[in-house]
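Chemist: Structure provided below as structure tokens; questions to follow.
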Amino acid sequence: MFRTFRGGHSGGWRVTSISSVTGEPLPFMPALSVTDSEAVSLPLVPSRNAWRLVGAPSNLRYTERPEKEQLVAVQAGLGRMEATSAALIPIRKSQAWWELTQEERRKIFEDKSHHIASSLRFLPAIARQLYHCRDLGEPFDFLTWFEFAPAHAPLFEELVAALRETEEWSYVEREVDVRVVKE
Ligand code: HEM
């Protein structure tokens with residue numbers, strides 16, 4: 001299954017802001033559409049009126065059994081009625097990150113940056129889904145998607161601010177933060 005996020009002029013989400021955190025930005029588009037497909041379609045002719053990002057949910061890379069159990073016990077699914085705010089945060093990590101071994105990456109991701117341990121307390125308020133796209137020839141390695149009630153927006157700001165201070169984030173070379181609300 002592939003999920004396509006298309007910034008353009010129509011879609012179920014209205015874009016409230018697009019900001020570049022690190023590296024090249026994405027152009028502002030007023031709407032975001034989210035669709036699923038069984039295959040990745042060929043890239044559309046590059047358009048000034050839209051951008052399109054594709055990713056696929058995948059197996060876990062770093063999560064260990066007890067962490068997985070903790071996550072499953074508290075996490076909320078996507079599509080909750082009250083979760084009318086969302087964020088699409090596409091991320092690319094550096095060559096230096098990808099040259100590390102799996103074990104070295106896990107050390108940075110969790111032992112040093114506590115990505116899971118520190119983020120668990122934001123569940124179930126923030127629902128999340130990670131899509132991989134490094135092997136799809138996309139401009140990003142990951143598309144991260146979060147849904148939350150508007151009342152939890154300050155909580156989400158706290159979460160992203162904390163992650164961006166970690167050692168893991170020193171390997172992030174491109175990050176764009178797209179905020180949307182349900183139409
Ligand atoms: C990966 C949990 C928030 C970006 C992961 C993984 C977990 C996780 C368990 C590892 C998946 C695996 O084993 O492969 C959480 C939780 C969050 C949260 C519980 C709280 C809501 C965020 C936020 C961002 C983010 C806010 C972006 C600003 C990423 C990225 C990866 C990742 C890019 C992939 C890392 C890699 O494979 O190198 N997250 N996360 N996460 N998360 Fe989060």
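Chemist: I'm told residue 38 meets every condition in (1) open to solvent by 80 Å² or more (accessible area, probe 1.4 Å); (2) over 15 Å from the mean Cα position of the chain (by Cα); (3) modelled with pLDDT of 95 or more except one. Can you identify the failing condition by its number?
Modeler: Of everything listed in (1) open to solvent by 80 Å² or more (accessible area, probe 1.4 Å); (2) over 15 Å from the mean Cα position of the chain (by Cα); (3) modelled with pLDDT of 95 or more, residue 38 misses just condition (3).
Chemist: In addition: Could you tell me which numbered condition residue 52 fails, if it satisfies all but one of (1) in a helix (DSSP H, G or I); (2) touching a residue at least 40 places away in the same chain (Cβ under 8 Å); (3) more than 12 Å from the ligand (Cβ to nearest atom); (4) charged (D, E, K, R)?
Modeler: Every listed condition holds for residue 52 apart from (1).
Chemist: OK, next. Write out, first by first residue and then by second, each pair whose Cβ atoms fall under 9 Å of each other, whose residues are 6+ apart or on separate chains, and whose first residue, in segment 152-164, is more than 16 Å from residue 110 (Cα to Cα) and in contact (Cβ under 8 Å) with a residue 60 or more places away in the chain while the second is open to solvent by 30 Å² or more (accessible area, probe 1.4 Å) and of a type in the set (D, E, K, R).
Modeler: Sorted first by the residue in segment 152-164, then by its partner, the pairs are 153/179.
Chemist: Shifting gears a bit: Name the one entry in 86, 96 that is of a type in the set (A, V, I, L, M) and surrounded by 12 or more Cβ atoms within 10 Å (Cβ to Cβ).
Modeler: Just one listed residue meets the conditions, 86.
Chemist: Mind checking which residues of segment 1-49 are among the aromatic types (Phe, Trp, Tyr) and not in a strand (DSSP E or B)?
Modeler: The one that is among the aromatic types (Phe, Trp, Tyr) and not in a strand (DSSP E or B): 28.
Chemist: If a residue has to be free of Cβ contacts under 8 Å to residues at least 40 places away in the same chain and either within 11 Å of the ligand (Cβ to nearest atom) or surrounded by 11 or more Cβ atoms within 10 Å (Cβ to Cβ) (or both) to count, how many in segment 70-83 make the cut?
Modeler: 1
Chemist: Here's something else I'd like to know. Search segment 41-65 for residues being closer than 17 Å to residue 146 by Cα and of a type in the set (Gly, Ala, Ser), and hand back the single one that is surrounded by the most Cβ atoms within 10 Å (Cβ to Cβ).
Modeler: For segment 41-65, the residue satisfying everything is 55.
The values are calculated or read from the model by the stated rules, or taken from the named source; none is laboratory data. Note that the coordinates shown come from a computational prediction; the quantities given were computed from them, not determined experimentally. Note: ideal-geometry Cβ built from the backbone for every residue, glycine included; neighbour counts use all protein chains shown. Note: areas computed on protein heavy atoms with side chains; ligands, DNA, RNA excluded. Shrake-Rupley method; radii C 1.70, N 1.55, O 1.52, S 1.80 Å.
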